[in-house]
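Some notes on the structure that comes next.
The values are calculated or read from the model by the stated rules, or taken from the named source; none is laboratory data. Worth saying up front: this structure is predicted, and the values here are computed from it rather than measured. Cβ atoms come from the backbone with ideal geometry, glycine included; neighbour counts cover every protein chain shown.
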Amino acid sequence: MHSSIKTDSYSFLTLDGIPAKALEYRLGTRSALEWVINQYCVKTDKRSGIVNDPNRADDPQYIVRLLGQVITVSLETVDIVAGLPALQ
């Protein structure tokens, strides 16, 4: 089964064809993919007004490649954990 993610951080970006298993790898209460999407959004500090923009003007595909890498690591990690012997 594949899933689709519509991000609030990047309203122009919809990710399709993500294996549902990729969302099983969790970092706390969120999947690794959800965590990265949340961290890699443009944010403005309310107090200072400083803008944190993780986008790279010299490499517009950076975020898409990063998400692909996170999906790959998530899938491999879920497989590795599933293959571990049960605790006794």
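Only residues that are at pLDDT 80 or above, under 30 Å from VAL81 (Cα atoms), among the small types (Gly, Ala, Ser) and outside any helix (DSSP H, G or I): list them for the stretch 1-58, please.
GLY17, GLY28, SER31
Might you let me know whether the stretch 42-54 holds any residue that is more than 22 Å from ILE18 (Cβ to Cβ), among the small types (Gly, Ala, Ser) and more than 19 Å from the chain's Cα centre (by Cα)?
Yes, that holds for at least one residue.
Return the residues of the stretch 59-78 that are loosely packed, with under 12 Cβ neighbours inside 10 Å and either touching an Asp or Glu at 6+ places or on another chain (Cβ under 8 Å) or part of a loop (DSSP other than H, G, I, E, B) (or both); say none if nothing qualifies.
Passing the criteria: ASP59, PRO60, GLN61.
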